[in-house]
Amino acid sequence: MRPARTGSPGSSSSPGRASSPGSSSSPGSASSPGSASSPGSASSPWSPESNDGGPGRLFTPARAIAQAVERRAAGQTIVFTNGVFDLLHPGHVRYLEQARRLGDALIVGVNSDRSVRLNKGAGRPITPEAERAEILSALDCVDAVVIFDEDTPHAIIAALQPDVLVKGADWAEDAIVGRDIVEARGGRVVRVDIQPGHSTSRIIEKIRLL
């Protein structure tokens, strides 16, 4: 596990919502990880200097796609996961740390506020999309964050073509969105155990009982 990154992730200007990502040139099949500079370093394509999406490691879909292609061409393994990540808690962090260990770069897709409302109802999210993305981008285990506005991450997965797709073990294998895309190009889908005792819903319930 890499040590936590220190310092502010940058200014908190609100990023634009992601539109459906366009098609990109099809990258090669998944390859074994190669050596490269550490994510987030000055020479890394994931550094803030190369980012046009917002604070820290928040990228527009187009920029994330371009950098994923570059990293894969350098022999690196791209890992993708997605979620709401509302009221970030230790379960989220441990999940992301496990996902990051499965490759060389972890891209996290974050549901926009509109997407969350469609999936979870009018009372969610608690934390706005820009703030959820900024918090995630401050985690050292996360190399890039992309906000998507669609109901599911299928379009962004198709555009990024990750080598490894990660979801929680509470998802049935045949219910994981994007599985067909990743496995069709020789990638793999990994279901990570969920940490017991941690959930955003439980935190919300505790607050309501105060």
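Pairing residues of region 100-123 that are under 19 Å from ILE135 (Cα atoms) and touching a residue at least 24 places away in the same chain (Cβ under 8 Å) with residues that are among the basic types (Lys, Arg) and loosely packed, with under 14 Cβ neighbours inside 10 Å, at Cβ distances under 9 Å and at least 6 apart in sequence or on separate chains, gives ARG100/ARG2. In region 116-141, the qualifying residues are those that are among the β-branched types (Val, Ile, Thr) and in contact with a Pro (Cβ under 9 Å, 6 or more places away or on another chain), and the one that is surrounded by the most Cβ atoms within 10 Å (Cβ to Cβ) is VAL116. The single condition among (1) touching a strand residue (DSSP E or B) at 6+ places or on another chain (Cβ under 6 Å); (2) farther than 26 Å from ARG191 by Cβ that ALA66 does not satisfy is (1). Just so you know, in region 153-181 the residues that are at pLDDT 95 or above and out of contact with any helix residue (DSSP H, G or I) (no Cβ under 8 Å at 6 or more places or on another chain) include one that is surrounded by the fewest Cβ atoms within 10 Å (Cβ to Cβ), and it is ASP180.
The values are calculated or read from the model by the stated rules, or taken from the named source; none is laboratory data. None of these values were measured; they are calculated from a predicted model. Counting neighbours? That spans all protein chains shown, and the Cβs are built from the backbone with ideal geometry, glycine included.
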